[in-house]
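The values are calculated or read from the model by the stated rules, or taken from the named source; none is laboratory data. Treat the numbers as computed from the prediction; the structure is a model and nothing was measured. We place every Cβ from the backbone using ideal geometry, glycine too, and count neighbours over all the protein chains shown.
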Amino acid sequence: MASNDLQIWQLVMDASWLVKGVMLLLLAASVASWMIIFRKRQALAAAQREAETFEEKFWSGTDLTAMHEGISSSHRTTKGMEKVFDSGFSEFLRMRQQGRMGPNSIVEGAQRAMRIALTRETEELEQHLNFLATVGSTSPYVGLFGTVWGIMTSFHQLANVNQATIAMVAPGISEALVATAMGLFAAIPAVIAYNRFSNQVERLESRYDNFKEEFSSILQRQAHLLKEE
């Protein structure tokens, strides 16, 4: 195993400067991808737990005004479903206090606030996913570019040789193929992570949107009850 590792390292060191640059670029992309993967995994898991905790509290029969006041008095940054609720209920209370609008207008204002909050939360969840998609789709081609350039260089060096043999071109071709391997090494985890995280974000967005619609119905009923009073 140690001998193989040494041979691969030697191939990298013997490669041309352009191929080395391609390998360095792919290595940097791979490191950045893994950093994003670990952070995004933690962030999405936390968002899932927060959504479950908030829904359990919301549907437990807690008074909405008391819940809103508790969130406001905590002076902390709200996230996810809690942010959607806080934005919608804050706007609902603000418009209701004005006393000049009908129930439908009040609910529509709350819905707009929740849509804006939902959009921002979705953008936060999707942050850095485009980078993973870019690495996954371009890394193989970047590695292939390094490989093609390395092979061209190897054959170019044979121009003044009377008799070419496999032994003469094998080292150069091997060096070049390392770039393709590094391209795949960077691309495969990025593609897998992108597909997995995109699916999780889509499910969370759908969950937030369903809550927004259900909460809108509750606000609609409250607005009409206040009008009757």
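If Met182 passes every condition in (1) over 30 Å from Leu25 (Cβ atoms); (2) modelled with pLDDT under 90; (3) of a type in the set (A, V, I, L, M, F, W, C) but one, which one does it miss? Of everything listed in (1) over 30 Å from Leu25 (Cβ atoms); (2) modelled with pLDDT under 90; (3) of a type in the set (A, V, I, L, M, F, W, C), Met182 misses just condition (1). From the list Phe58, Phe89, the one residue that fits, being surrounded by fewer than 20 Cβ atoms within 10 Å (Cβ to Cβ) and hydrophobic (A, V, I, L, M, F, W, C), is Phe58.
Which of the residues that make up the range 23-52 are of a type in the set (S, T, N, Q) and either closer than 30 Å to Gly150 by Cα or crowded, with 17+ Cβ neighbours inside 10 Å (or both)? Residues satisfying the conditions are Ser30, Ser33.
Can you confirm whether the range 8-22 contains a residue that is modelled with pLDDT of 85 or more, surrounded by fewer than 16 Cβ atoms within 10 Å (Cβ to Cβ) and either out of contact with any Lys or Arg (no Cβ under 9 Å at 6 or more places or on another chain) or closer than 23 Å to Gln200 by Cα (or both)? Steps first, answer last, please.
Here is the first cut: in the range 8-22, the ones modelled with pLDDT of 85 or more are none.
For the range 8-22, residues modelled with pLDDT of 85 or more, surrounded by fewer than 16 Cβ atoms within 10 Å (Cβ to Cβ) and either out of contact with any Lys or Arg (no Cβ under 9 Å at 6 or more places or on another chain) or closer than 23 Å to Gln200 by Cα (or both): absent.
For beta carbons closer than 6 Å, sequence separation of 6+ or different chains, a first residue in the range 83-110 that is without any contact (Cβ under 8 Å) to a residue 40 or more places away in the chain and of a type in the set (Lys, Arg) and a second that is part of a helix (DSSP H, G or I) and surrounded by 22 or more Cβ atoms within 10 Å (Cβ to Cβ), the qualifying pairs are Lys83/Ala117; Lys83/Glu121.
When His128 is tested against (1) within 19 Å of Phe211 (Cα to Cα); (2) modelled with pLDDT of 90 or more, exactly one condition is not met: (1).
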